[in-house]
Protein chains: 2
Amino acid sequence: MTVLKVGFQGVKGAYSEEALIQFFGDTVEPVTHKTFEDVCKALEDDTITYGVLPIENSSTGAITDVYDLLNKYDCYIVGESRVKVNHHLMGIPGSTIEDIKDVYSHPQGFEQSKDYLSGYNWKLIPYYNTAKSAEYVMNQNKKQIAAIASKKAAQIYGLHILANQINSNHQNTTRFVILGKNLTSDNTCNKISVVLSTPHKAGALYHVLKHFAENDINMLKIESRPVGHTPWEYYFYIDFEGNMNDTIIKDALAHMSKDCHHFKLLGNYKKSN
Amino acid sequence: MTVLKVGFQGVKGAYSEEALIQFFGDTVEPVTHKTFEDVCKALEDDTITYGVLPIENSSTGAITDVYDLLNKYDCYIVGESRVKVNHHLMGIPGSTIEDIKDVYSHPQGFEQSKDYLSGYNWKLIPYYNTAKSAEYVMNQNKKQIAAIASKKAAQIYGLHILANQINSNHQNTTRFVILGKNLTSDNTCNKISVVLSTPHKAGALYHVLKHFAENDINMLKIESRPVGHTPWEYYFYIDFEGNMNDTIIKDALAHMSKDCHHFKLLGNYKKSN
């Protein structure tokens, strides 16, 4: 039996791996990649069947690089998964809070733990991601350096937790999208994502949103991103409720796409709770 | 005569300092601060009269931390300034491209120069900001490390430019906001910024935007950010054309604020070109 290969960015112990296992269970083969874009390329090259990328954090907002990739690559959202993000401070076995001078983590790890960190005078050193910071601390094997990462990363890299759950917001959650090569839908799908750009004139975005309001379609989110080399023009990424086989939705999508310069249906999938 | 103190984030040679001098000229005293938030605090404490913070880059989008600070602090946008961002690769005098192993820069410096960087196998090390990376390379004084920063940073820190203008997009521009303690307006002001949150129901954002469309007000930008500890609710930051003393604008603002949970007029200022 061939095992399904699913790609994620980071090293073992990353929050993305947790999202992957939550969605697919533990019978798939998680495949690590260096960057978000590498996951999209692997999907394009068929070396993986699905990819899992973080799209939004409840405290710090959109992961904008991932939004840009959804528009750049010929891939589609086939599902989503939410993971509670709890950060812990960790060092090598035998280290104590008093030993620490330098702390490594992803900038969002610092941002999400800033209330706790403000009580200390540590040097905060931005690093690739939380799990890689834990790996780095293990490899350095010095008592004065620590990492901010997940409990799972501490287990994997044999680190000792010095302070538990240091993130300010205990509801801190990251939403991940599951990407596939094809646009799929079945009757359990209740959320749609699109990306569009509007003509550069007064009221253009409003006229696009009219199609949601007039058909009582519930818009869940709007995110704007620059249009590459054209300064101060934007792509709008919009999430809304619905199934693309529903006639009202079909009609709204058809009308909307006519009002837009650029329009891509990014996916129809089941909303996670 | 007292010299006006204007704060910015970073060290001498930062793009923010360039924006500051472009807006105020060279008769003010630029004051360096460690973080964006420190600039807002200095404004609050009256240790500076104005602050200059980057809000948006034409290639990489919103600087989301700054959006959040505009809502958190009792400060207002009194102007804006745009600076062309050209990144250069620089090392200590005597170093060559062949010597380089590690490159330091802000993650956006890497992101904006990724086409150039993809031709080399250098280790990219994320650092606080571009100017601080240049300072670090000077202090390390090693031929194998380089920084990606501005030409001005190379001059200030005595570094030698190894490759000119390595950013992929030569139209790469950062927009900065000038912050003051008071909401001000005169008849040259033609751009308004607001932040608002809507009730969590279908069509709520649409009904707010209706006030723009019905009054033929040109919306320039919409940006969404999470509402702190309430997952999956958003603040919308909206820029539009107009002067707040104009009757149509006054009425639209009054109606809009009634439809919102939270509403703050962030400023009325002159649009930069």
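Search segment A:207-220 for residues being crowded, with 18+ Cβ neighbours inside 10 Å and touching a strand residue (DSSP E or B) at 6+ places or on another chain (Cβ under 9 Å), and hand back the single one that is farthest from the other protein chains (Cβ to nearest Cβ). Result: A:VAL208. In the set (1) open to solvent by 30 Å² or more (accessible area, probe 1.4 Å); (2) within 14 Å of another protein chain (Cβ to nearest Cβ); (3) not charged (D, E, K, R), B:MET138 fails one condition alone, (2). Among all residues of segment B:9-20, there is none that is of a type outside the set (Lys, Arg), assigned to a loop (DSSP other than H, G, I, E, B) and more than 28 Å from A:LEU124 (Cβ to Cβ).
The one condition from (1) of a type in the set (D, E, K, R); (2) in contact with a helix residue (DSSP H, G or I) (Cβ under 9 Å, 6 or more places away or on another chain); (3) free of Cβ contacts under 8 Å to residues at least 24 places away in the same chain that A:ASP246 does not meet is (2). For A:ALA131, the conditions (1) open to solvent by 50 Å² or more (accessible area, probe 1.4 Å); (2) over 12 Å from A:GLY91 (Cα atoms) are fulfilled apart from (1). Could you count how many residues in segment A:221-248 are of a type in the set (Val, Ile, Thr) and open to solvent by 10 Å² or more (accessible area, probe 1.4 Å)? Number satisfying all stated conditions: 4.
Taking A:VAL194 as the residue in question, decide whether it is more than 8 Å from chain B (Cβ to nearest Cβ) and open to solvent by 10 Å² or more (accessible area, probe 1.4 Å). In short, no. Within segment B:229-245, the only residue that satisfies the criterion of being at the interface with chain A (Cβ under 7 Å from one of its Cβ atoms) and either assigned to a loop (DSSP other than H, G, I, E, B) or of a type in the set (D, E, K, R) (or both) is B:HIS229.
Can you name every residue in segment A:89-115 that is modelled with pLDDT under 95 and either of a type outside the set (A, V, I, L, M, F, W, C) or in contact with a Ser or Thr (Cβ under 8 Å, 6 or more places away or on another chain) (or both)?
Residues of segment A:89-115 modelled with pLDDT under 95: A:105-115.
A:SER105, A:HIS106, A:PRO107, A:GLN108, A:GLY109, A:GLU111, A:GLN112, A:SER113, A:LYS114, A:ASP115 - these are the residues of segment A:89-115 that are modelled with pLDDT under 95 and either of a type outside the set (A, V, I, L, M, F, W, C) or in contact with a Ser or Thr (Cβ under 8 Å, 6 or more places away or on another chain) (or both).
Could you look through segment B:107-128, keep only residues that are in a helix (DSSP H, G or I) and farther than 23 Å from A:SER105 by Cα, and pick out the one that is most open to solvent (accessible area, probe 1.4 Å)? Out of the qualifying residues, it is B:ASP115.
The values are calculated or read from the model by the stated rules, or taken from the named source; none is laboratory data. Keep in mind the model is a prediction, meaning the values are calculated, not measured. Cβ atoms come from the backbone with ideal geometry, glycine included; neighbour counts cover every protein chain shown. In case anyone asks, the SASA skips ligands and DNA or RNA and just uses the protein heavy atoms, side chains included. Shrake-Rupley method; radii C 1.70, N 1.55, O 1.52, S 1.80 Å.
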